[in-house]
Amino acid sequence: MEKYQTPVMNLNLVRTFVIVGQSKDLNDAAHKLDIDRTNVSRHIAALENIYETKLLNNDSKTFELTEDGRKLFDDYEKAYNLMFAAEKNFRQGKSLNTGRLTIGVSSDVDPSFVNEKIESFKRKYPNVVIKILILPTRDLYDKLSQFYMDFIIDTPIDSVQKIKNIEMKEIGSEPFCIAYTKEFCNLKMESLKDLDCLPLILPVSSKKERTKFDEMLSKEEINKVISLEVDDYRFALEYAKAGLGLSLLPKRCISEELLTYDIGLSKTISVAYIEKNLCPAAKRLLEEFNLNM
């Protein structure tokens, strides 16, 4: 009877391939792995020999994964992250004040919404390293499904319910207002109609609060005049303080020198996670958002 033999897999090869795939740069991967570039290339060649296929199309500095390389990378990265999740759970089962958390925050969420919770958690568990990534929604859910992140903070999306094993819970709401300088047109806002024909500093059209605001103006038949569109509220705040227009801003980031008008607009903020992937420290951090995990 013919015997089929599978080469024994070396986890160092797997680790090298994952880090190279994430870095997309051989020199950077060598630095992260603390080995020289020659050994990185040898590890990749050994893995290609095991699978008898080309995994990388590389030149002198960068590379692209082949079709086979992409398929292998997606599964290897998920397995690699799961190994770290298992190690994290084991270590934090003995001491919660250890390890690393990776949190994804949508670019649609004001970072200050998260900051006070992080500060409170770090005062209790100073040795837990927290990595925060600000990314578009699609990238966040891709990384969450690959177990790269402990949880993500985003505005609710209907399609998340279709993603296997991902749960979503509301953790708060972000109220917005109109902010402007005391000297701006000597204006004292008393209604939305006061915005008619005045220069506005607004979020980019892809943001949910912008959609809601546009609907409010349209309903009141207000002539909307856009002065600036920004993707980051830190810029919008500075432009408002410079007197370049009236800005739609989260209330929490308003500075004292600005006047505000409450327009009754807010957006819901949620946390998304995979239950079985939540380590003890991640659960404790979520308790800072008043979630009972």
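Each value in this text was obtained by applying a stated rule to the coordinates, not by laboratory testing. Keep in mind the model is a prediction, meaning the values are calculated, not measured. Reconstructed Cβ throughout: ideal geometry from the backbone, glycine too, with neighbour counts over all protein chains shown.
Summary of computed values
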| item | result |
| --- | --- |
| Computed FRET value (nearest 0.05) for Q146 with E220, which takes r as the C-beta separation and R₀ as 41 Å | 0.35 |
| Between the stretch 254-283 and the stretch 196-225, the Cα center-to-center distance that results, in Å | 22 Å |
| Distance violations [Cα-Cα > 27 Å] among K94/K131; K122/K207; K54/K78 | K122/K207 |
| Separation of the K208 and E87 label points, Cα + 7 Å toward Cβ, nm | 3.6 nm |
| Computed [θ] at 222 nm, deg cm²/dmol, the chain (DSSP H ≥ 4; -39,500 (n - 2.57); rounded to nearest 500) | -12500 deg cm²/dmol |
| Karplus (6.51, -1.76, 1.60) ³J(HN,Hα), θ = phi - 60°, over the stretch 232-246, in Hz, Gly and Pro reported as x | 9, 5, 5, 5, 4, 5, 5, 5, 5, 5, 7, x, 8, x, 9 |
| Positive dipole terminus of the stretch 173-267, leading residue within L192, V204, A240 (C-beta point charges) | V204 |
| Entries in K117/K283; K117/K143; K182/K219 that, when Cα-Cα distance is taken, lie over 19 Å | K117/K143; K182/K219 |
| Electrostatic dipole magnitude of the chain [Cβ: Lys, Arg +1; Asp, Glu -1; Cα centre; debye, to 20] | 1080 debye |
